1. Just to verify a number: FRET efficiency for residue A:131 and residue A:266, C-beta to C-beta distance, R0 = 30 Å, to 0.05?
2. Report the Cα-based extents of chain B along its three principal axes, largest first, to the nearest Å.
3. How are the Cα pair distances of the protein assembly as shown distributed, in percent, across 10 Å bins from 0?
4. Which whole-percent values make up P(r) of region A:150-202 when all C-alpha to C-alpha distances are grouped in 10 Å steps starting at zero?
5. Once the other residues with Cβ under 14 Å from the Cβ of residue B:31 are scored (Lys, Arg +1; Asp, Glu -1), what is the net sum?
6. For the protein assembly as shown, what does the helix formula give at 222 nm: sum of -39500 (n - 2.57) over DSSP H segments with n ≥ 4, over the residue count, nearest 500 deg cm²/dmol?
7. Under 8 Å for C-alpha pairs, at least 6 residues apart: give me the relative contact order for region B:157-221, rounded to a whole percent.
8. Could you let me know the centre-to-centre spacing of region B:1-69 and region B:143-212, using Cα atoms, in angstrom?
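No lab work stands behind these numbers, since they all come straight from the coordinates. All figures in this text were calculated on a predicted structure; none of them were measured in a lab. Glycine gets a Cβ as well: all are built from the backbone with ideal geometry, and neighbour counts include every protein chain shown.
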Amino acid sequence: MDISTHLITWGLVSSHLRRQPGTGKKFPGRFDIDSLIHPDAAMDPFIFFAIYSCMSVCYALACMAALMGNSRWGRYAGGIGLALNLLIFILIVFSAHRLPIFGDFESVTTIILVLGFLHLLNFYCSKPTDRRFYDSHAKWIYVSILLLLTYLAFFPKTLNPDFYMYDDIKVIVFFHFRILAFGVFIYSALILCAALYHGFPDYIHMGRNFLLTGAAIFLISEFSGSLWCLDWYGDFWHWSKGFLKAACLFLAAILACHIPPNWNLSNRMRAVIGSMPAAGSLWLLFLH
Amino acid sequence: MIGVVLTFDKHHAASLKSLSRQLPLTWLLNESGSNIIITSWFIAVCLIACLFFTHIVCCILTRIYRLFQNGFSLRQWLFFLMHIMFVLVMLSHGLSMIIGYKHSDIRMFPGESIRFDKNFILSLSEIEFVDDPAILKASFEDQRALMTRNTIHRDQNYADIDLSIDNRSVSSGRIYMLAPYRFGSIQITLTDFFIPENRPDNPIGVKLVITKNPTTLFFFVTYAVMIISLIGFVVTTWRDQTANNKYMKFI
């Protein structure tokens, strides 16, 4: 191997050995059975790193297969990647005693789970005449998943530090449904882009369905967040960065649903406007 | 978006924090002169929200109402209901900014009382904090790491309060973190435990917020109905391609 490969390998391996954010302490303990049930026990990050690596390989193969037009092998590889992703989700739940909520690793793996799951679900629930669209759509999905996995390569595969409010259902629903909404918004944007790029205008309706679904899930998250804010700060609204960003995202979602028909926008502009909630989701995810 | 950008500046962020600590109307009347940029931004947001509100009401009365000309179906009702509820959510949100009151950052120790809303007296009789008090002395950043579900027991740390009107006790109760005390539309919220720096005996005090907001229940009920009607609308129009043209031109 040449020196650049050494450096890249070291960068990826060391990212998972990085100190746990927020404490300055090294991640404790090796994996043992007690770590599955003890609330304070930490999952060895190498477990997450190993599963993440296998998942990345599977999704990379799925992406290659989709780009080469072999959609069946793409679905098989994507299915295995989805199963590994689900394993990460289950391990997060068992080790942290809560649903995934925040932080790069938990958020991105959950969003990838949503994308992979919705793609396969839509494919296998669709009519045979729709399969041509979903085969074209697969390229967008797996390329997006690979980009997210690449982003995650530079961050530690560790869980968000625990906080005493994570035993409250309102807090968990707020954070978890927010990540789910981001995943659905991104999925909706990918459907719109695929529909307009590959010449399937009938599938704009499917993009619209998922955009509205994402909006509903996001509103559930915000509803729970407002309840949390009411019980913690005495008021259901706060003039802070988090609340203002959420309002921006919600406005982007409703704007995409209310463009006047007499504007006669081009297909490209429609895809751009319909993708605004997804862009807002990425903004909230990466820059919060 | 401009508001988000403003939060990156410390001076503006402090003004926004001050805005959050009290009723916005109170802030506008008392403190708006201290930061012209935030004041201008806030007034612009309110004006745009009013325009938005007026626009939605006019759309409901003109375009959406026309949907009922061809008979009433479930999806039409849900579509109509969703928009009505959104209007009501905006209305209650706007009213919450001008009616009632909000007193934040009230620091109290056991045995102390404060007067608010002319006749009410809030008395604090006892504080119980079972966890390690050293956590309360840590810096804000360190506290975020130290306050885990194992080190802070929300259900065992509390403050006992008594509410009286004209020196007559009307109600008493116990408040915990994320479990405020409510008396009608008055809410007394425990936001934090603290130890003052300049006291050698290290007494533990509580930070409270007293709010009165008659629109809270109405806000959450209309919010919930709006979400349910949106979900219902999505479900009933999932397969209907013509919904794209009938209800709105989607993108």
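1. Values: r = 28 Å, r/R0 = 0.93.
That gives a FRET efficiency of 0.60.
2. Extents along the principal axes, in whole Å: 75, 44, 40.
3. Going out from 0 Å in 10 Å bins, the protein assembly as shown shows 3, 15, 24, 25, 19, 10, 3, 0, 0 percent.
4. 19, 28, 30, 16, 7, 0
5. On the way: positive: B:17, B:21, B:102; negative: none.
Counting the neighbours of residue B:31, the net charge comes to +3.
6. Details: 19 runs with 309 residues, N = 539.
My calculation for the protein assembly as shown gives -19000 deg cm²/dmol from helical runs alone.
7. Values: 99 pairs, mean separation 14.4, N = 65.
So the answer I get is 22 percent.
8. With region B:1-69 and region B:143-212 each reduced to a Cα centre, they are spaced 31 Å.
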